[in-house]
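Please treat every number below as a calculation from the coordinates, not as lab data. Here the structure is a predicted model, which means the values were calculated and not measured. Virtual Cβ from ideal backbone geometry, glycine too; neighbours counted across all protein chains shown.
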Amino acid sequence: MSQAETVISFRHITMAFPGVVANDDVSLDIRKGEVFALVGENGAGKSTLMKVLYGMNEPTEGEVWVRGQQVRHFSPANAIGMGIGMVHQHFMLVPSFTVAQNVVLGDEPRKGLFCDFAKARQTVEDLVKEYGLKVEPDDRIEDISVGLQQRVEILKALRRGADILILDEPTAVLTPQETDELFAVIRRIVAEKQMTIIIITHKLGEVMAISDRVGVMRAGKLVGVCETADVSERILASMMVGKEVLLDAIERADSGEDGVAIEVEGLRVRDSRGLEAVRGVSLTVRRGEILGIAGVEGNGQSELLEAITGLRPIESGRVSILGKRADGLSPKAIRALGLSHVPEDRIATGVSVKADVTDNLIVGKERRREFSALGIHMKRGPIREYAKKVFERFDIRAAGLDTAVGSMSGGNMQKVVVAREFSFDTPVLIISQPTRGVDIGAMDFIHQQIVEKRNAGCAILLVSADLDELYRLSDRMVTIYEGEITGEFKPEDIPKTEISYYMTGGRKEARA
Amino acid sequence: MKQVRKQYLVSLGLSVLIAMLLGAALMLLTGHNPIEAYGIMFSGALGSMTDLGDTLYKSTQLAITGLATAVASQSGIFNVGGEGQMYLGALASAWLGALLKGTSPWLAIPACLCIAGLAGALWALIPALLKVKLKINEVITTILMNTIALKFCSYMSNGPLKTTERGINQGTQSISKAFRFASIDLFSGSNLTTAVVLIVFIILLVWYMMNRTTTGFEMKLTGQNESFARFSGLSAARLAVLGMLISGAMCGLLGMFETFGVQRRFRMDFSSEFYFDGMLVAMIMQYKPLGIVLMSFFFGILMTGGQRMQYIGVSSELVEIIQSFIIFLMAAESGLLGKVSRALTGGAAKKQEVKT
């Protein structure tokens, strides 16, 4: 296999979005007929790189060569024309259509003006025979399992003549059984059809099981490419995490506050698809303590925090905030217990992008006596003065207080969220992804603010996809995998390589 | 922000210009002098106090319905049911007005105002609750409820509430003179009545509520980002319902102003889909209160003065086609002319982006 021809060549790809460099000078060759795994933490740039290949991103710099030809025009249509197919993490199928209809959708066989359904059926049956991917052409998508839906996606790509297939986190939605079946399919189409497969994943066990070679990405850079046979999960984990970003230690002090502030017991929560995402989580956070939750994204962290803050219904279990029952209460009532919340997705839930900085800073305080007469007439003077003070204290960089938040950079937008929530001065803080997509200066600032809160006696529950962040801030950490807590650690007791092992489901039984 | 507004104004201006040119072309084709016709349009709308009165009558009507749309939309709920709410307000106040005949106007008028607002608000409450409780699309329910309201009013005004006055064969009992909104001497001969004072008051009140009160602020946030509002501890559903209630009440009140003003009784044909014209204005102006008021005045000119073009032989159908052209182009400005105006103001816009 070592002499195999190169089928795809990325040359010095840089992909910059406003405020973020998602790919930084990445060069990589993919060989014909191999299964190549691309691993890395969230935001490492794996998907971005693959979207360049599939034509959804046009790189800021660098070239892409496919079978010795330079790609001049970046579009999915063009990529499909070059035999590249991509199966996205979220399937793009029409639920009410049959399997056959979905496979031919976008390029239907025609009989005059009409779609030739008989021929569509035949096409699917031929494909099923050829590739051994068993599906029933007449089943409706909404009636079949997620694993089968994924097969339909793969068939769709194959029908368009793909011989290079990109799978974006294909096992994230699959059961172990379905995963095994998918891998069997992959092995067969690679062996029999000489297809090239690129698989994006977090799960190191799967990398070992299926891939020939593996590339590790970190912070937009490709940090290494290895033959899978030459590495272990441990080595890959340490490559993914990398060296610590050098930030000065933040001074910690004992606040003297004590007592349990957040108590979660046997919490079970379903995600938006109705699947159980949090499976019996129990944890406590004391005053003056930061509890970090480490886990690969999509393992129930989001649902856990939404349930605690009242944004998502709870199946069973209980939540107490400062000794009072909080489960079943509205977000408003939970906030009134003494909690504020920095949400994981600032644009979706953290701000109103259409409103200006002042409005975004004042939300939740507008009925306070100093800002409104009788809780009705808003006092513009005091509001502006307050906003200005907060604006300066949190070092928000924007043209002015009347700048629409939507036009600000990610870091400054995040500072607006942190500034608003932190100035509620509540004893309990729930913080999710405080520095995602934020530059290092703003990140350090936000970290300082978080520790200051801790030193002042706040109980802080922190979720982050960034291990460095968790290590820097947490007093205690727990790992979460598939909705369950898989271990509890002091940051100083466990190296990053080992904790990422727990996060990927590695040695779950050892210390659960 | 300012850049966006400027670009919007440029494209709006272009739309008006192109629409008027198209109208001119159409007039030339049918053998009319467009300059003369447009001249008559403007003088017909603004040329005398009577004309101005009619234009103001139309403009204030558009402004209040436009703002009614805006209040609901800004709270995240789209009220297409204003027409029905207006009819119910009109009918309810006509009924109560007849009932209170002979009592003091100081009692009757406030009571009729209340029942008109209440009727509109309650009719709006149903789709609002269906939306927030059961997630039923309010566009569909409000449209259907328009039909129900209009048919109900038609039945009542032709049946149980039909006038018994001699020689009059449609509508309810007339509103007694003491309760009517009188015409204004300054604009004598026009449809403008003293109700305009109340309309202006309501417009100012709503503007104040939307821009200067905590509730208006919270409603706006809910409309901008419902999950952010919920996250921040606002009762998003309650605020959306409130927006709809205010919108419905405004429509109901307008129904009463027409009934107690120009019409002097409830008549089934009192509105030629006023609400939808106002809704259109609100949508064109992206629900911005000040913009709605200004655009209402322009539409008022168009609608009042446009009819005068018939004086020089432009057929009424052609007048309506020209009006529709203008409205269509303004409504479609973002799609049709957005690109052009972006190109015109684009250089500056880009620089702005980089800076912020």
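Let me know the longest stretch in chain B that avoids all trypsin sites (Lys or Arg not before Pro) found in a DSSP loop with at most 11 other C-beta atoms within 10 Å.
Maximal segment without exposed cleavage sites: B:167-356.
What is the antiparallel percent of DSSP beta bridges lying wholly in chain A, to the nearest 5?
Roughly 55 percent of the DSSP beta bridges within chain A come out antiparallel.
Within segment A:442-512, report the trypsin sites (Lys or Arg not before Pro) that DSSP leaves as loop and that have at most 12 other Cβ atoms within 10 Å. Mind showing how you got there, number by number?
On the way: sites: A:K453, A:R454, A:R472, A:R476, A:K496, A:R507, A:K508, A:R511; in loops: A:R507, A:K508, A:R511.
Of the trypsin sites (Lys or Arg not before Pro), the ones in loops of segment A:442-512 whose Cβ has at most 12 other Cβ atoms within 10 Å are A:R511.
Whole-Hz ³J(HN,Hα) for each residue in segment A:267-274, computed from phi via Karplus 6.51 cos²θ - 1.76 cosθ + 1.60 with θ = phi - 60°, x for glycine and proline: what do you get?
With the stated coefficients, segment A:267-274 comes to 6, 10, 9, 9, 7, 5, 8, x Hz.
Are there chymotrypsin sites (Phe, Trp or Tyr not before Pro) in segment A:76-153 that DSSP puts in a loop and that have at most 14 other Cβ atoms within 10 Å, and which ones?
none
With θ set to phi - 60° and the Karplus curve 6.51 cos²θ - 1.76 cosθ + 1.60, what are the ³J(HN,Hα) couplings of segment B:167-176 in order, to the nearest whole Hz, using x for Gly and Pro?
After applying 6.51 cos²θ - 1.76 cosθ + 1.60, I find x, 10, 10, 8, x, 8, 4, 6, 7, 5 Hz.
Can you give me the three principal axis dimensions of the protein assembly as shown from its C-alpha atoms, in Å, biggest first?
Extents along the principal axes, in whole Å: 101, 77, 52.
For a quick check: with amide H placed at 1.01 Å from N, whose amide H comes under 5 Å from A:G280's, ignoring anything fewer than 5 positions away on the same chain?
A:L267, A:R268, A:V269
Over chain A, what is the relative contact order in whole percent, taking alpha-carbon pairs under 8 Å and six or more residues apart?
Over chain A, the number comes to 15 percent.
Rg to Rh ratio, chain B, alpha-carbon atoms and Kirkwood radius?
Dividing the radius of gyration by the Kirkwood radius yields 1.00.
How big is the shadow of the Cα convex hull of segment A:61-220, averaged over all directions, in nm²? List each step's numbers first, then the result.
Numbers: hull surface 44.1 nm².
Quarter of the Cα hull surface area: 11.0 nm².
With the Cα gyration tensor of segment A:176-218 giving a ≥ b ≥ c as the square roots of its eigenvalues, does the rule (a/c under 1.5 for rounded; else a/b larger than b/c for prolate; else oblate) give rounded, prolate or oblate?
In terms of gyration-tensor shape, oblate.
Give the longest segment of chain A that steers clear of GluC sites (Glu not before Pro) in DSSP loops with at most 12 neighbouring Cβ atoms within 10 Å, not counting the sites themselves.
Value returned for the longest uninterrupted segment is A:6-243.
If Rh is defined by the Kirkwood formula over all Cα pairs and Rg also comes from Cα, what ratio Rg/Rh do you get for segment B:118-185?
Numbers: Rg = 17.1 Å, Rh = 14.8 Å.
Rg/Rh: 1.16.
log₁₀ I(q)/I(0) of segment A:351-424 at q = 0.17, 0.25 Å⁻¹, via Debye over equal Cα point scatterers, no solvent, to two decimals?
Taking Cα atoms of segment A:351-424 as identical point scatterers yields -0.56, -1.14.
Could you tell me which of rounded, prolate or oblate describes segment B:1-137, using a ≥ b ≥ c as the square roots of the eigenvalues of the alpha-carbon gyration tensor, with rounded for a/c under 1.5 and, failing that, prolate when a/b is larger than b/c and oblate otherwise?
Cα axes put segment B:1-137 in the oblate bin.
Which whole-Hz ³J(HN,Hα) couplings does segment A:469-484 yield from phi under the Karplus relation 6.51 cos²θ - 1.76 cosθ + 1.60, θ = phi - 60°, glycine and proline marked x?
4, 4, 5, 6, 9, 6, 8, 9, 9, 10, 9, 10, 9, 6, x, 10
Can you list the residues, at least 5 places off or on another chain, whose amide H is less than 5 Å from the amide H of A:Q433, using H built in the peptide plane?
Those lying under 5 Å, H to H, from A:Q433 are A:V463, A:S464, A:A465.
Tell me which residues come under 5 Å, amide H to amide H, from A:N57 once H is placed; ignore anything under 5 positions away on its chain.
A:V52
Which percentage, to the nearest 5, of the DSSP beta bridges contained in the protein assembly as shown is antiparallel? Intermediate values should be presented prior to the final figure.
Values: 50 of 88 bridges.
The antiparallel proportion sits near 55 percent.
Express in whole angstrom the spacing between the alpha-carbon centres of segment A:15-74 and segment B:176-233.
55 Å
To test your reading of the geometry: what angle, between 0 and 90 degrees and rounded to tens, separates the Cα axis of helix A:410-422 from the longest principal axis of chain A?
So the helix axis and the longest Cα principal axis differ by about 40 degrees.
Counting partner chain Cβ atoms within 10 Å of every residue's Cβ in A:348-360, what's the average?
Values: counts 4, 8, 5, 5, 10, 3, 6, 6, 1, 0, 0, 4, 3.
The shielding value for this peptide is 4.
Taking each pair of distinct Cα atoms in segment A:1-93 once, what is the resulting Kirkwood hydrodynamic radius in Å?
Over segment A:1-93, the inverse of the mean reciprocal pair distance is 13.9 Å.
Would you list the membrane-span-like helices of chain B, meaning whole DSSP H runs whose alpha-carbon atoms span at least 20 Å along their axis and whose mean Kyte-Doolittle value is at least 0.0? Show your work: numbers first, answer last.
Working: long enough: B:2-29 (41 Å, 1.34); B:49-74 (36 Å, 0.30); B:82-99 (25 Å, 0.71); B:105-134 (43 Å, 1.68); B:138-158 (29 Å, 0.80); B:195-212 (25 Å, 2.22); B:236-260 (36 Å, 1.50); B:289-308 (29 Å, 1.21); B:316-331 (22 Å, 1.69); B:338-355 (23 Å, -0.68).
Sorted by number, the helices that extend far enough and score high enough are B:2-29, B:49-74, B:82-99, B:105-134, B:138-158, B:195-212, B:236-260, B:289-308, B:316-331.
What FRET efficiency comes out for the pair A:D425/B:K101, r = Cβ-Cβ distance, R0 = 60 Å, nearest 0.05?
So, using R0 = 60 Å, E works out to roughly 0.45.
If one takes the longest principal axis of the Cα atoms in chain A, at what angle in degrees, from 0 to 90 and to the nearest 10, does the Cα axis of helix A:176-193 lie?
Once rounded, one gets 40 degrees.
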